[in-house]
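Here is the structure we will look at, set down as structure tokens.
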Amino acid sequence: MSDAAAAAPLPSAGPRPAAFGDRLFGSLATAAGVLVLVLLGAIIVSLFIGGLPSFRAFGLPFLTDTDWDPVQNVFGAGVPIFGTLVTSVLALLLAVPLAFGIAFYLTEIAPVWLRGPVGTAVELLAGVPSIIYGMWGFFVIVPVMGDDVQPFLTDWLGDLPGVGMLFQGAPFGTGILTAALILAVMILPFIAATMRDVFNTVPPMFKESAYGVGCTTWEVMRSIVIPYTRASVVGGIMLGLGRALGETMAVTFVIGNTNRITTSLFGPGNTIASIVALEFPESQAGTLKLSSLLALGFILFVISFIVLAISRLLLRPRPT
Amino acid sequence: MSATMRPGVGPPGADPVRGARVAALLSRRRQRLDRLVRLLCVVATVIGLAFLASILFTLFWRGVGALGLHVFTRVTLPPGSHGGLLNAIVGSLVQTLLGTAIGAPIGLMVGTYLAEYARSSPLGTVVRFVSDVLLSAPSILVGLFVYTILVEPFGGFSGIAGCVALAVIVVPIVVRTTEDMLQLIPTELREAAAALGAPKWRVIVLICYRAALYGIATGVLLAVARVAGETAPLLFTSLGNLNWSLSLTQPMSSLPVTIYQYAGSAFDDWVDLAWAGALLITLGVLALNIAARVVLRARR
């Protein structure tokens with residue numbers, strides 16, 4: 001009976017007024033769908049056109065040039081691009097192990113009654129506005145970094161050959177490492193929640209079979225869950241990376257905002273988003289500086305679009 | 001005997017007694033590794049929860065002391081003259097509600113299109129993909145985008161530009177939840193309505209929307225929660241305004257932007273106001289998040 005119902009096509013055309021209503025509603029829905037594509041196109045085109053004078057003036061070296069000199073009207077994107085990539089990758093290094101631990105805890109280890117509340121708490125962490133992370137970072141984390149963490153790291157790691165220079169310099173508390181730490185806290189809940197959801201898609205039969213032959217929880221995780229979900233886990237990590245690349249307010253508070261590439265992780269720097277947020281209010285319409293900021297926005301959009309697109313492709317539900 | 005008892009030395013099956021001991025040792029090692037990993041995971045979770053606790057504790061500690069009636073009754077004033085946040089609070093409410101009012105219907109229609117008209121069509125696949133990418137796109141770029149289309153051409157920062165920027169952020173959030181919720185509705189329900197002679201649009205509006213009402217409402221609440229705390233897109237659109245203004249064509253104040261300006265200032269009373277505002281906005285956003293969960297659970 002249900003077979004017959006499913007096989008029969010829905011009656012699409014009724015009497016005249018209904019047909020008109022159907023056409024109207026259908027075209028409204030389609031128009032809304034197309035609007036989303038137009039929106040994406042408009043964002044790309046508007047940023048590109050806005051940045052065009054700057055691309056024309058500086059050409060391809062704009063991407064690597066490290067000058068940002070409003071007085072001489074010379075602008076380069078090298079430092080912000082470097083800062084964006086370094087802080088985001090460092091943030092991933094800090095956040096991914098924690099997120100993995102949380103997701104593992106929430107799917108396999110925690111008692112069932114605890115999974116709901118702890119999961120909700122992690123998701124609430126994702127709901128906190130980024131400006132709040134900025135204030136928290138500025139007033140709570142920066143003093144801790146400056147007084148304790150950075151001197152400690154300098155004492156223990158500063159003299160090591162090779163990596164030592166990463167941990168030298170005056171402990172102001174702000175800088176690349178602090179920005180990466182705040183970013184890590186911000187993207188942690190996104191990655192953890194995605195990983196948890198992905199881990200939950202593993203068919204229970206697979207896991208129970210492994211438990212049945214005597215595997216420990218960790219062995220089930222390592223040999224069953226991770227291989228089954230590998231692509232989606234990477235997708236979740238890329239989602240976090242996409243978030244970190246474009247994060248503005250939190251980074252602006254703590255990174256030190258200096259257009260310089262330093263060898264130390266304690267040194268100040270900037271990111272594309274932070275330089276745009278800071279310099280924009282001081283830029284007049286029509287100037288090369290404003291155009292350079294829009295060009296930076298275009299570059300950020302391209303980078304994060306690629307990262308997010310890869311993430312979405314990896315996170316697609318597997319065909320069954 | 002015990003001196004030779006090392007795993008991996010000789011075939012374990014050769015001597016039944018030794019084989020059993022090797023197995024026991026191996027098993028103990030596996031158990032120990034398992035316990036270590038479990039412990040690390042618990043530590044990771046505790047660290048994650050500690051971040052949330054630290055943020056909330058700091059907000060209450062600094063924010064409650066700074067809260068007072070003046071925060072709600074007085075507008076922002078120069079440092080030292082006992083100003084409040086009234087214009088910022090009202091500005092945030094106006095922009096958040098208007099932005100949602102513009103963005104949510106569009107998101108609803110896009111979600112409807114994806115779930116009811118284009119489940120597996122090529123255009124639908126592309127729209128779904130682009131919407132999901134926009135969902136996580138940096139919000140500061142939305143601010144830049146709206147600046148180039150609404151602020152620069154019309155010669156000034158305005159409240160309406162802020163609303164449009166927030167609306168752009170609302171759309172993909174509502175799309176995601178609307179599509180997910182509509183897809184949960186059983187096909188039989190649609191077929192039953194269609195069998196009674198209802199045209200497709202009435203099936204969608206009267207049957208599907210009603211069945212998915214709580215889910216769609218959840219999406220709208222989450223969207224409000226998200227844009228209420230957005231700072232970056234407003235910096236270049238509504239800019240912020242230290243005076244009382246409700247005009248949509250003038251720069252408009254908002255809580256996040258005011259917090260941003262005050263938190264970095266050198267004046268203690270401004271920093272206090274920033275903390276009060278931060279507490280307000282976080283409580284509001286978290287309450288909306290929790291409300292969204294409650295609404296979704298009420299579906300049952």
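We did not get these values from a lab; they are worked out from the coordinates using the rules stated. This one's a predicted model, so the numbers in the text were calculated from it and none came from an experiment. Methodologically, a virtual Cβ is constructed for each residue, glycine included, from the backbone with ideal geometry; neighbour enumeration extends over all protein chains shown.
Quick one: Karplus J couplings for region B:256-266, per residue in order, coefficients 6.51, -1.76, 1.60, θ = phi - 60°, nearest Hz, x for Gly and Pro?
Whole-Hz 3J(HN,Hα) from phi for region B:256-266: x, 5, 5, 4, 4, 5, 7, 5, x, 7, 9.
Give a quick list of chymotrypsin sites (Phe, Trp or Tyr not before Pro) in region B:109-182 that DSSP marks as loop, anything other than H, G, I, E or B, with at most 14 other Cβ atoms within 10 Å.
In loop regions of region B:109-182 (DSSP not H, G, I, E or B), the sparsely surrounded chymotrypsin sites (Phe, Trp or Tyr not before Pro) are B:Phe154.
Work out how much length A:Leu114 to A:Val89 would gain on full extension: take 0.36 nm times their residue separation and subtract the Cα-Cα distance, in nm to one decimal.
5.8 nm
Find the centroid of the Cα atoms in region B:31-91 and in region B:134-213, then give the distance between the two in whole Å.
When both Cα centres are located, 31 Å separates them.
Within region B:112-137, name every residue whose backbone N is under 20 Å away from a label modeled 7 Å from Cα of A:Ser27 along the Cβ vector.
Of the residues in region B:112-137, B:112-114, B:116-118, B:123-124 have backbone N under 20 Å from the label point off A:Ser27.
Give the long-range amide H neighbours of A:Arg260: residues separated by 5 or more places, or on another chain, with amide H under 5 Å away, using H modelled in the peptide plane at 1.01 Å from N.
Those lying under 5 Å, H to H, from A:Arg260 are A:Asn270.
Which residues' amide hydrogens lie under 5 Å from the amide hydrogen of B:Gly83, considering only partners 5 or more residues apart or on another chain, with H built in the peptide plane?
Sorted by chain and number, the residues that satisfy this are B:Leu77.
Using a Förster radius of 22 Å, what is the FRET efficiency between B:Phe267 and A:Arg260 based on their Cβ-Cβ separation? Nearest 0.05, please.
In this case the efficiency is close to 0.15.
Going toward the positive end of the dipole of region B:60-178, with +1 on Lys and Arg Cβ and -1 on Asp and Glu Cβ, which of B:Pro122, B:Val90, B:His70 do you reach last?
Projecting each Cα onto the dipole axis, the largest value belongs to B:His70.
What are the residues whose amide H is under 5 Å from the amide H of A:Val74, where those residues sit 5 or more places off or on another chain and H is modelled from the backbone?
The answer is A:Asp69.
Per the helix-only calculation at 222 nm, which mean residue ellipticity applies to chain A, given -39500 (n - 2.57) for every DSSP H run of n ≥ 4 and division by its residues, nearest 500 deg cm²/dmol? Show your work: numbers first, answer last.
On the way: 13 runs with 207 residues, N = 320.
Result for chain A: -21500 deg cm²/dmol, rounded to the nearest 500.
Can you tell me the FRET efficiency between A:Ala42 and B:Arg32 if r is taken as the Cβ-Cβ distance and R0 is 45 Å, rounded to the nearest 0.05? Present the calculation step by step, with values, prior to reporting the outcome.
Numbers: r = 58 Å, r/R0 = 1.29.
Working from the Cβ atoms, E equals 0.20.
Return an integer: the convex hull volume of the alpha-carbon atoms of region B:160-280, in Å³ per residue.
Working: hull volume 14.8 nm³, N = 121.
Here the figure is 122 Å³ per residue.
Return the distance in nm (one decimal) between the two label points of a simple spin-label model at A:Leu52 and A:Phe20, each offset 7 Å from Cα along Cα→Cβ.
Rounded to a tenth, the inter-label distance reads 4.4 nm.
What ³J(HN,Hα) values, in whole Hz, does the Karplus curve 6.51 cos²θ - 1.76 cosθ + 1.60 give for region B:288-293 when θ = phi - 60°, with x put for Gly and Pro?
For region B:288-293, the Karplus-derived couplings read 5, 4, 5, 4, 4, 5 Hz, x marking Gly and Pro.
Once you've got the GNM for chain B with C-alpha springs shorter than 10 Å, pick whichever of B:Leu242, B:Leu144, B:Leu123 has the biggest mean-square fluctuation.
Of B:Leu242, B:Leu144, B:Leu123, the most mobile in the Gaussian network model is B:Leu123.
Placing +1 at every Lys and Arg Cβ and -1 at every Asp and Glu Cβ, with all other atoms neutral, what dipole size does region B:158-279 have around its Cα centre, in debye to the nearest 20? If you can, show how the numbers build up before the last one.
Values: 6 positive and 8 negative charges, 122 e Å.
Computed about the Cα centre, the dipole is about 580 debye.
To the nearest 10 degrees, how steep is helix B:159-184 against the longest Cα principal axis of chain B, on a 0 to 90 scale?
Taking the Cα atoms of chain B, the angle to B:159-184 is about 40 degrees.
Under a no-solvent Debye model with one identical scatterer per Cα of chain A, what's log10 I(q)/I(0) at q = 0.07, 0.09, 0.13 Å⁻¹?
Taken in order of the listed q values, log10 I(q)/I(0) reads -0.41, -0.64, -1.07.
When the helix-only estimate is applied to chain B (DSSP H runs of n ≥ 4, each -39,500 (n - 2.57), divided by the residue count), what is the mean residue ellipticity at 222 nm, nearest 500 deg cm²/dmol?
-22500 deg cm²/dmol
Short version: ³J(HN,Hα) in whole Hz for each residue of region B:103-110, in order, from phi by Karplus 6.51 cos²θ - 1.76 cosθ + 1.60 (θ = phi - 60°), x for Gly and Pro, what are they?
Coupling constants for region B:103-110: x, 5, x, 5, x, 4, 5, 5 Hz.
How high is the relative contact order of region B:185-300, given as a whole-number percent (alpha carbon pairs under 8 Å, six or more residues apart)? Can you show the working numbers first?
Details: 99 pairs, mean separation 33.2, N = 116.
Relative contact order, region B:185-300: 29 percent.
Quick check: Cα centre of region B:251-300 to Cα centre of region A:210-245, how many Å?
35
Given an 8 Å cut-off on Cα distances and at least 6 residues of separation, report the relative contact order of region B:1-142 as a percent.
This gives 8 percent for region B:1-142.
Take every Cα pair under 8 Å in chain B that's 6+ residues apart, average their separations, divide by the length, and report that relative contact order as a whole percent.
So the answer I get is 23 percent.
For region B:240-278, run through the chymotrypsin sites (Phe, Trp or Tyr not before Pro) and keep only the ones in DSSP coil with at most 14 other Cβ atoms within 10 Å of their Cβ. Display every interim value, and only then the final one.
Numbers: sites: B:Trp244, B:Tyr260, B:Tyr262, B:Phe267, B:Trp270, B:Trp275; in loops: B:Trp244, B:Phe267.
For chymotrypsin sites (Phe, Trp or Tyr not before Pro) across region B:240-278 that sit outside H, G, I, E and B with at most 14 neighbouring Cβ atoms in 10 Å, the list reads B:Trp244, B:Phe267.
Quick one: among A:Ile303, A:Ile102, A:Ile132, which has the greatest mean-square fluctuation in a GNM of chain A with alpha-carbon springs under 10 angstrom?
Among A:Ile303, A:Ile102, A:Ile132, the largest GNM mean-square fluctuation belongs to A:Ile132.
Grab the beta carbon distance between B:Asp15 and A:Trp156, set R0 = 45 Å, and tell me the FRET efficiency rounded to 0.05.
After rounding to 0.05, the efficiency reads 0.40.
Convex hull volume of the Cα atoms in the protein assembly as shown, per residue, in Å³?
212
Run the paramagnetic zone check for A:Val74: 7 angstrom along Cα to Cβ, then residues of region A:270-312 with backbone nitrogen under 17 Å.
Residues A:288-289, A:292 qualify, since their backbone N sits under 17 Å from the label point.
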